[in-house]
Structure formats: C-alpha cells, structure tokens
C-alpha cells in the first residue's frame, strides 16, 4: 500500500466509524481484533493485513479497494446532499402525501406532460440557435 493510499485508508476508517455511530470497541469486536489494534489502524500506526482488510470491508459492505482508493467522506457528502430535498421538493412531497390515490395519479400524469413540454422547449431553443 502506497503512502497516499494508506493515509486515505486511515481517514476512511474514521469517517466510516463516525458515520455508523459506533465505537472503536464495537467495530473492533465485530471484525475480531482488540480496540487498541483498531485504534492503531485509525491512527496509521499499524497497517492492516489482508484478513483485517477483508473483515473491515465485509463489516461496512464496501469493496476492499474502495477502502483504500476512494475518498469515503466525499462520497458520503455527495450521497447525503442528493438525499436531502430542498424546500420546494419537501413542500411538493408533503402536498403529494395528502392527495388521494386518484389525485396522485392525475398529478403524475400532469407532471409527465410538463416534463415532455420542457424537453420540447429545449429542443426548439437548440434548433433556433443553429
């Protein structure tokens, strides 16, 4: 493991543990090592052997290479940013939940019509620009 991969791995361990809301003790127990050993992994004082790497990978349901090569914090931020609706989306969702099933169906049909109109407008704009 190269130094930049090793640093990313240690940072990813901390990010994943904090995101999961678990203690070092809980994760260490789940992957079959003592808390001190897990702490050393997070601090970069110890490199994982393949068994530990695969145990951590299994625990978090993440590919071993992703633990080493990906910036997990950046991926989590992108994921949660996409998962948190804006004010308009939240308002639409609240209104939608109050509708009857038939009204929901009509609303979806109308939304599809509006989406198609937007596509046509964009095509017309592109055609007039050329």
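The values are calculated or read from the model by the stated rules, or taken from the named source; none is laboratory data. This one's a predicted model, so the numbers in the text were calculated from it and none came from an experiment. With ideal geometry, Cβ positions are generated from the backbone for all residues, glycine too; neighbour counts draw on all protein chains shown.
Here residue 27 fulfils each of the conditions (1) surrounded by 12 or more Cβ atoms within 10 Å (Cβ to Cβ); (2) assigned by TED's automatic domain parsing to the domain that holds residue 107 apart from (2).
Working carefully through the options 75, 50, 126, find the one that is under 30 Å from residue 12 (Cα atoms) and exposed (fewer than 10 other Cβ atoms within 10 Å of the Cβ).
50
Going by the conditions given, is residue 43 closer than 18 Å to residue 1 by Cα, modelled with pLDDT of 90 or more and surrounded by 11 or more Cβ atoms within 10 Å (Cβ to Cβ)? Against the criterion (closer than 18 Å to residue 1 by Cα, modelled with pLDDT of 90 or more and surrounded by 11 or more Cβ atoms within 10 Å (Cβ to Cβ)), residue 43 qualifies.
Conditions (1) in contact (Cβ under 8 Å) with a residue 24 or more places away in the chain; (2) closer than 28 Å to residue 4 by Cα; (3) touching a helix residue (DSSP H, G or I) at 6+ places or on another chain (Cβ under 6 Å), marked per residue:
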| residue | (1), (2), (3) |
| --- | --- |
| 20 | yes, yes, no |
| 49 | no, yes, no |
| 59 | yes, yes, yes |
| 67 | yes, yes, yes |
| 97 | no, no, no |
| 110 | no, no, no |
